[in-house]
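Worksheet: one structure, shown below.
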Amino acid sequence: MTTSSLVERLRVGLWKDNPGLVQLLGLCPLLAVTTTFVNGLGLGIATLFVLACSNVLVSATRRWIRHEIRIPIYVLIIASLVTCIELITKAWFPSLDRSLGIFIPLIVTNCAIIARAEIFASRNSIAASLADGIGMGAGFTVLLVAVGFFRELIGNGSMFSDLSMLFGGEPSPGLVLVDNGWLLAILPPGAFFSLALAVAAKNAIDRKKKMTKRA
């Protein structure tokens, strides 16, 4: 796997074929968890790890997986990795585990992970599959972090609250900018509005790039 190929897979995952912005996969955790920057980053890192490792394992074992049972095998691989992440989170990051709740185990059902195993990892080398997993996972993580940061800033009027949970500590106040934010931003409708703004922004940037190239 060349450096240029790795960069291309990262570019595809982060922007061109982003799981959340373009494919609109994994929207359940994206909409439910991203009330704060920390929640988005925590779940994003967990998803990235599972996506990269599952791609590698699927690619390494693809020659021995029968076509008829490939999806159950993929789910079993993903579930094993998610169980490891859940146990690690409970042991060393208990506050983050309580904050993310059921959405760590629900990584198993993330359509983006199963889709990459079926579409890419089952047909490509281990190195290429790892790069694809990192690229797609990074793209999903960046979107989670961006939406979480936006909703926390608008909804709570703060930034980086509970950042200590990422290091195994207890929740702590972050940088408070205003006393009262716009409550709607951290409620379910705010998640849809935030995602819609992100998708619209990406489409606008892509459209502007196309117009610039034509000019």
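Read-outs throughout are calculated quantities, based only on the coordinates presented, and are distinct from any laboratory measurement. The structure displayed is predicted, hence computed values, not measured ones. Don't worry about glycine lacking a Cβ; one is built from the backbone with ideal geometry, like all the others, and counts go over all protein chains shown.
Worth pointing out:
- Semi-axes of the equivalent ellipsoid for region 134-176, computed as √(5λ) from the eigenvalues of its C-alpha gyration tensor and ordered from largest down, come to 21, 15, 5 Å.
- Reach of residue 213 by Cα under 23 Å, taken over lysines that are not fewer than 8 positions away in the same chain: 16, 202
- Charges were assigned to the Cβ only: +1 to each Lys and Arg, -1 to each Asp and Glu. The resulting dipole of region 64-130 about its Cα centre is roughly 80 debye.
- Here the Karplus relation 6.51 cos²θ - 1.76 cosθ + 1.60, evaluated at θ = phi - 60°, turns the backbone of region 101-109 into coupling constants of x, 5, 6, 6, x, 6, 4, 4, 8 Hz, with x for every Gly and Pro.
- Maximal additional length on extending the residue 207-residue 31 stretch stands at 60.8 nm, based on 0.36 nm per residue less the C-alpha distance.
- Centre-to-centre separation between the Cα atoms of region 30-54 and those of region 87-156: 4 Å.
- Put simply, the Cα atoms of region 87-215 extend 47, 46, 23 Å along their principal axes, the longest span coming first.
- Stretching the chain fully between residue 68 and residue 200 yields a gain of 43.6 nm (0.36 nm per residue, less the alpha carbon separation).
- Highest-first arrangement of 10-22, 35-47, 85-97, 138-150, where packing means the average Cβ count within 10 Å: 35-47, 138-150, 10-22, 85-97
- Between 0 and 90°, nearest 10: helix 126-156 axis offset from the chain longest Cα axis: 10 degrees
- With each label modelled as a point 7 angstrom along the Cα→C-beta vector, the residue 87-residue 184 pair spans 4.6 nm.
- Reduced Cα scattering model of the chain, Debye log10 I(q)/I(0), q = 0.09, 0.10, 0.18 Å⁻¹: -0.38, -0.47, -1.25
- Placing unit charges on the Cβ atoms of the charged side chains and taking the dipole of region 3-214 about its Cα centre, the candidate lying farthest along the positive direction among 125, 87, 75 is 125.
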